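Accompanying notes for the structure given below.
The values are calculated or read from the model by the stated rules, or taken from the named source; none is laboratory data. In this text the structure is predicted, and so the values were computed from the model without any measurement. Here the Cβ positions follow ideal geometry from the backbone for every residue, glycine too, while neighbour counts run over all protein chains shown. Protein only, heavy atoms only, side chains kept; ligands, DNA and RNA dropped before computing areas. Shrake-Rupley method; radii C 1.70, N 1.55, O 1.52, S 1.80 Å.
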Amino acid sequence: MEILGRRVLLTGLGTFWGGKVAQSLESHPDVDVIVGMDVTEPIVELERTEFVRADETYSILSRIVEATQVDTIVHTFMVVDSTQMRTRRLHEINVIGTMNLLAAAGCAGTPVRRVIVKSSGLVYGCSGRDPLWFSEETPRTELPQTAIEESLVSAEGYLRDFAQDNPHVTVTLLRFSSVLGNDISTPFTETLSRGFAPSIFGFDPQLQFIDEDDVVAAIEFATSADVPGIYNVAGDGLIPWSEVAKICGATNLALPPIGTEFFASLMRRTGLVKFPPEVLQLLRFGRGIDNSRLKDLGFVYKYSSLGAVERFAKTRRLSKAIGESQKSYTYDKDVESFFHHSPAVVRSTQSDSTSDTF
Amino acid sequence: MQPKIRLEGTICGRPGTDTKELLELPVMAQNNRAESFASSKGNTIVPIKRSTDLGSQNVNSTRLSDVDEWGRSESLRSVARRGFQFFYDSYFRVEWEGLEKIPTEGGALLVSNHAGAIPMDAPIIMHGIEESVGRPVYGLADHFFRKLPVAGTMWSRLGGVPAHPDNAYRLLRDQRQLALVFPEGTKGTSKVFTQRYRLRRFGRGGFVEIAMKAGVPIIPIAVVGSEETMPIVFKINSLAKLTGLPYFPITANWLLMGPVLGTALSFPAKFKLRVLDPVHFNVPPDQERYSKSRVMDESESIRVSIQEALYDMLAHRGNPWLG
């Protein structure tokens, strides 16, 4: 069931996920227009995505929605890694940003019919009272302890209100497990790449991972299919953290089980190991999110949890041997403007008709 | 257009607000989840790694450990069984009655009485069934264990699982395993010696509801001997509060052998176990709720059947140490 001529607005185009999703959407012939917003320029090369510079809280969003008549909003700009920024900014982006985004999407006469939001399994929390697997309905057992969880929980709250107030809009909420991949920077990838695997002494939790390619594929799946609801997105199966360390050849750094956060903050100071509180909690009890609902809809994962870890370890070994690949692309406004709009550029048929609309 | 049905989902958190929400989901997502695990049924022999998920899509993947999704490791478990065999055979001299009533395949919930300050009934039941029936037994216990460093990890490697209804359902229904539960919980193990062999309330009947939901029988097991392994003389509640333990017992073992040896060593009571007839509930599985009165009746009748079996076994027992 495809609607022809989709017009998509993407948040966080300058981030890793935004760029990847935009790239994958460009290859969809039924997507006519892709507008990407961010404060920073895109870091990947894009064929026909239009970049709009906007502030993090999307104050100009309603104007963009009206001007471009987008029918789909893909909200990838949810920060799920608290080491990337201070709490204040995190709150602005996740909570205020989502609030403004949904306000713009829900205003009177809005053309928006679909909203896809990228959230995280962090909303389930992590405590000793948890079940092994969280389904989409399982409530969290303890109140959010960390700023990141709190911000994601309230952002999801706004989304729930939005879904209730706008029954004509298809709302898809994706909750991802910890991501591994050669291109993405997360506390796990950063620390494992440096050859360390911090742990809490006496604990060996069951962890779940997803490969970065599967994340992009899942967002693409949700964008192209009509799949309202909440979906956990994570690789199959759980692996003990000690086994992950073994696969990646990382050295175990055991933190004491009491006063863990204090010792971890010392470690964070060294800059070598950046494990924020929400990841430390994961190293104590682990977390599994049940991915069967999305699989039942026909989504196929390329990698299991174990597969994602193995792939990550393999690419790390490769880049150790041949060096990091240099990022060759930098965004240049004039160049992009030329390639996107100049009549001198010969465009392929699929994007031909669309590029004139701007 | 796909047919749509209402789906109730929870957006996490937001205490105090109504957490049900009204997103809609196509019907196909409502397929019974259990069916996707249909491939995991069948007879099982001991070295079981029943993880239905791991490696299923990555044929090339090889695990570096045999830890399953519950954290159980069959290799560690077999090492532990080898070490425990002496205690099982020569120290506690375990005798079973009706072991053939333990099913060789399919899920079942084993329900037993629970006693002793550090209860030996759990390892003995798990050891006995794994050795003689050849199936793993997952022991459901308080999440308290999960929070202990080292001991918590070992507990989980050796088959311990936090007693959460979702965990029990998945073990029993999706993975068709044997799970062991003590409905008395710490009310059973914290009894002082003068209260021995008097069963406590069986919780709120949650174990019956789980068995109904999972569509598995309950197999009651009566255990004689555990009460004498580490009898509690009295309890110090203030110390329990201070240490965060569920109870702080002063045991006869402590009084005789001191705190170190008295904690490590149980008295060599003779163990006798009797497996009672499986209780089948003729109710459809996967219901949202079951009649509370029916649940409580079943729970009470299982409690009574174990209690009566205990009285019968005690009436025939000569001496706690020799049987």
Candidates A:V21, A:V35, A:V52, A:V8, filtered to the one that is touching an Asp or Glu at 6+ places or on another chain (Cβ under 9 Å), modelled with pLDDT of 85 or more, open to solvent by 10 Å² or more (accessible area, probe 1.4 Å) and not aromatic (F, W, Y): A:V52
A:V279 vs. criteria touching a Pro at 6+ places or on another chain (Cβ under 9 Å) and either assigned to a helix (DSSP H, G or I) or away from every other protein chain (no Cβ under 14 Å) (or both): yes
Number of the exception - A:S178 against (1) open to solvent by 10 Å² or more (accessible area, probe 1.4 Å); (2) over 19 Å from the mean Cα position of the chain (by Cα); (3) of a type in the set (G, A, S): (2)
Residue list for the range B:197-214, filter: more than 14 Å from the chain's Cα centre (by Cα) and either open to solvent by less than 20 Å² (accessible area, probe 1.4 Å) or over 25 Å from B:P320 (Cα atoms) (or both): B:Y197, B:L199, B:R204, B:G205, B:E209, B:M212, B:K213, B:A214
Any hit, the range B:163-179, residues being in contact (Cβ under 8 Å) with a residue 40 or more places away in the chain and under 24 Å from B:Y311 (Cβ atoms): no
Residues satisfying the stated conditions in the range B:158-181, i.e. in contact with a Gly (Cβ under 6 Å, 6 or more places away or on another chain) and open to solvent by 10 Å² or more (accessible area, probe 1.4 Å): B:R176
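Condition check ((1) open to solvent by 20 Å² or more (accessible area, probe 1.4 Å); (2) at pLDDT 80 or above) across all residues:
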position: B:T17; (1), (2): yes, no
position: B:L23; (1), (2): no, no
position: B:P26; (1), (2): no, no
position: B:E35; (1), (2): yes, no
position: B:G42; (1), (2): yes, no
position: B:L54; (1), (2): yes, no
position: B:D68; (1), (2): no, yes
position: B:D89; (1), (2): yes, yes
position: B:W96; (1), (2): yes, yes
Within the range A:155-168, tally of residues that are open to solvent by 10 Å² or more (accessible area, probe 1.4 Å), over 13 Å from A:G229 (Cα atoms) and facing chain B (nearest Cβ under 8 Å): 0
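Conditions tested, residue by residue: (1) farther than 28 Å from B:T104 by Cβ; (2) at pLDDT 95 or above; (3) open to solvent by 50 Å² or more (accessible area, probe 1.4 Å).
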{"site": "B:I250", "(1), (2), (3)": "yes, no, no"}
{"site": "B:M257", "(1), (2), (3)": "yes, no, yes"}
{"site": "B:T263", "(1), (2), (3)": "yes, no, yes"}
{"site": "B:S266", "(1), (2), (3)": "yes, no, no"}
{"site": "B:S301", "(1), (2), (3)": "no, yes, yes"}
{"site": "B:I306", "(1), (2), (3)": "no, yes, no"}
{"site": "B:R317", "(1), (2), (3)": "yes, no, no"}
So A:A218, is it within 14 Å of chain B (Cβ to nearest Cβ) and either assigned to a helix (DSSP H, G or I) or out of contact with any helix residue (DSSP H, G or I) (no Cβ under 6 Å at 6 or more places or on another chain) (or both): no
Test: A:A308 is closer than 30 Å to A:F176 by Cα, in contact with a strand residue (DSSP E or B) (Cβ under 7 Å, 6 or more places away or on another chain), modelled with pLDDT of 90 or more and surrounded by 12 or more Cβ atoms within 10 Å (Cβ to Cβ): yes
Long-range neighbours under 7 Å by Cβ, at least six apart or interchain, first residue of a type in the set (A, V, I, L, M, F, W, C) within the range A:290-302, second crowded, with 19+ Cβ neighbours inside 10 Å and in a loop (DSSP other than H, G, I, E, B): A:L297/A:V227
Given (1) in contact (Cβ under 8 Å) with a residue 12 or more places away in the chain; (2) open to solvent by 10 Å² or more (accessible area, probe 1.4 Å), number of the condition B:T194 does not satisfy: (1)
Which listed residue is over 13 Å from the mean Cα position of the chain (by Cα) and of a type outside the set (V, I, T), from B:G139, B:G152, B:G185, B:G160: B:G152
Residues (open to solvent by 50 Å² or more (accessible area, probe 1.4 Å) and over 17 Å from the mean Cα position of the chain (by Cα)) located in the range A:61-88: A:S62, A:R63, A:E66, A:A67, A:Q69, A:R86, A:T87, A:R88
Candidate set: the range A:133-147, residues that are in contact (Cβ under 8 Å) with a residue 24 or more places away in the chain and open to solvent by less than 30 Å² (accessible area, probe 1.4 Å); chosen: the one farthest from the other protein chains (Cβ to nearest Cβ): A:T146
Hits in the range A:181-199 - residues which are open to solvent by 10 Å² or more (accessible area, probe 1.4 Å), touching a strand residue (DSSP E or B) at 6+ places or on another chain (Cβ under 7 Å) and among the β-branched types (V, I, T): A:T186
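What number of residues in the range A:224-264 are away from chain B (no Cβ under 12 Å) and either among the acidic types (D, E) or in a loop (DSSP other than H, G, I, E, B) (or both)? Before the answer, list the steps.
First pass over the range A:224-264, keeping only residues away from chain B (no Cβ under 12 Å): A:224, A:233, A:250-253, A:259, A:261-264.
Now narrow it down to the ones that are either among the acidic types (D, E) or in a loop (DSSP other than H, G, I, E, B) (or both): A:250, A:259, A:261.
Adding up the residues that qualify gives 3.
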Some residue of the range B:95-102 being under 21 Å from B:G225 (Cβ atoms), charged (D, E, K, R) and in contact with a helix residue (DSSP H, G or I) (Cβ under 6 Å, 6 or more places away or on another chain): no
The range A:188-215, residues that are among the β-branched types (V, I, T), within 13 Å of chain B (Cβ to nearest Cβ) and within 30 Å of A:Q23 (Cα to Cα): A:I210
Residue selected from the range B:70-87 under the condition in a helix (DSSP H, G or I) and open to solvent by less than 40 Å² (accessible area, probe 1.4 Å), by the criterion nearest to B:L322 (Cα to Cα): B:F84
